[in-house]
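> Please see the structure below; I have some questions.
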Amino acid sequence: MNTTQFIIHRYTKLALLNLLLVALAGFILRYKILFSLPFIDQKHLLHGHSHFAFSGWVTHVLMLLLMQYLLKQKNEAVFKKYKWVINANLITAYGMLISFPIQGYGLYSIIFSTLSIFVSYVFAYMFWKDLNSLPEKSISHWWIKAALLFNILSSVGAFSLAFMMATKTIHQNWYLAAVYFFLHFQYNGWFFFACMGLASAAFLYTIPVPVQKKIFWLFAAACIPAYVLSALWLPIPQWSFALVVLAAFSQIAGWIIMVQHIKKRFAQIKPLISKNALWLFALSGIALTIKLLLQLGSVIPSLSKLAFGFRPIVIGYLHLILLGVITLFLLAFMMVEKNIQIKPLALTAVKIFTAGVILNEFLLMLQGIAAISFIALPYINELLLAAAFILVSGIFLLNISQRKIS
């Protein structure tokens, strides 16, 4: 194993450790709902949990996998250039994990979260330049460049929040609008488009180029107007609502075309994906289908107001994307790239973790539907705690399975 491979495996181990820390924070949040933990502030820990999930888990893995993509196209000098950016992102991520639970939105947490945004700017600038320098261009570059732009755009929401807090001019509607702006362009922009760029480079290149372009534009054109699906309580003109409905259908159309062409070329795609990763990609695809259908359903204003009025539904939807769509995809992709070494214990661990994801999502949606009907489900919080424990157990075992790999 050469130096670059060694450090890539080190970064992968850190990624899995970070996912374990995210899961542990989620478990503690669930535990505190049922039992007393007076030394922990629920809201502050929630901020640490979510910020670290974004930067310490998803963004760290995406930076690592995108850097590996460049390594295949260029020499090892690429690694030396990106190593400090990845390290800077990790430092800001750990800074947020420590500072948010202690002080909430305070001096240090704001400093680390702001630095995290600036690190993402530097990464976007460097990676964009390197993509342009590659002799061979592909549709995967379109997806990746869009991801980088949406990541930058998401920071508008974060800075808007900071401005409102600094000036003490927080209005509930505008506060939520800023939060959902950041979340939308992280989840549906940076995370999703980066994953699509990686998938396009690894196996979706088998789809004819004109079809790839059509799929890209159906998603890319929809991303900005689709934000309004998360903010339908705001006063919006009728013409823009029509654009939002069109965006929701555009995403569905892009996904249907992609699935059809994957089925047509499955014989070509299957050898490019390990058997152990295939079922994870399939589950990620099912989760994405559910997510797109839920977005389509939210164009009905009464349903949207109903859904966003109940916290379990919002939490269930956000976890559907972060765990069901993105995390399962990243675990599968790291298997394909051999970042995660396939061993019997690793496979068992991933199956346990996936079972926890499915159970957690099922319980959250069940809780949400019951809340709409004003029905209190017995032992639902105990069951959600059990689901959180399964998630922690699965990712803990996955960490153990990789411990002897150097």
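The values are calculated or read from the model by the stated rules, or taken from the named source; none is laboratory data. None of these values were measured; they are calculated from a predicted model. Using ideal geometry, Cβ is built from the backbone for each residue, glycine included, and neighbour counts are taken over all protein chains shown.
> Any residue at all in the range 323-344 that is assigned to a helix (DSSP H, G or I), out of contact with any Phe, Trp or Tyr (no Cβ under 6 Å at 6 or more places or on another chain), surrounded by fewer than 18 Cβ atoms within 10 Å (Cβ to Cβ) and not hydroxyl-bearing (Ser, Thr, Tyr)?
For the range 323-344, residues assigned to a helix (DSSP H, G or I), out of contact with any Phe, Trp or Tyr (no Cβ under 6 Å at 6 or more places or on another chain), surrounded by fewer than 18 Cβ atoms within 10 Å (Cβ to Cβ) and not hydroxyl-bearing (Ser, Thr, Tyr): present.
> Looking for whichever is closer than 13 Å to Ala23 by Cα and either in contact with a Cys (Cβ under 6 Å, 6 or more places away or on another chain) or in a helix (DSSP H, G or I) (or both) here; the options are Leu359, Leu398, Leu383, Leu364. Which one fits?
Leu398
> Out of curiosity, is Ser284 under 22 Å from the mean Cα position of the chain (by Cα), hydroxyl-bearing (Ser, Thr, Tyr) and in a helix (DSSP H, G or I)?
yes
> Pairs under 6 Å by beta carbon, first residue closer than 15 Å to Ala194 by Cα in the range 204-220, partner part of a helix (DSSP H, G or I) and basic (Lys, Arg), six or more apart or different chains?
Close Cβ pairs satisfying both conditions: none exist.
> Hey, does the range 131-146 have a residue that's surrounded by 21 or more Cβ atoms within 10 Å (Cβ to Cβ), in contact (Cβ under 8 Å) with a residue 12 or more places away in the chain, within 21 Å of Phe54 (Cα to Cα) and aliphatic (A, V, I, L, M)?
yes
> In addition: I'm trying to understand the selection: among the residues of the range 62-77, which are modelled with pLDDT of 80 or more and not charged (D, E, K, R)?
The answer is Leu62, Met63, Leu64, Leu65, Leu66, Met67, Gln68, Tyr69, Leu70, Leu71, Gln73.
> Let me ask something else about it. Sort through Ile236, Ile313 and tell me the only one that's among the β-branched types (Val, Ile, Thr) and either in a helix (DSSP H, G or I) or within 22 Å of Leu204 (Cα to Cα) (or both).
Of Ile236, Ile313, the one residue that is among the β-branched types (Val, Ile, Thr) and either in a helix (DSSP H, G or I) or within 22 Å of Leu204 (Cα to Cα) (or both) is Ile313.
> Restricting to the range 120-138, count the residues that are assigned to a helix (DSSP H, G or I) and under 17 Å from Leu65 (Cβ atoms).
8
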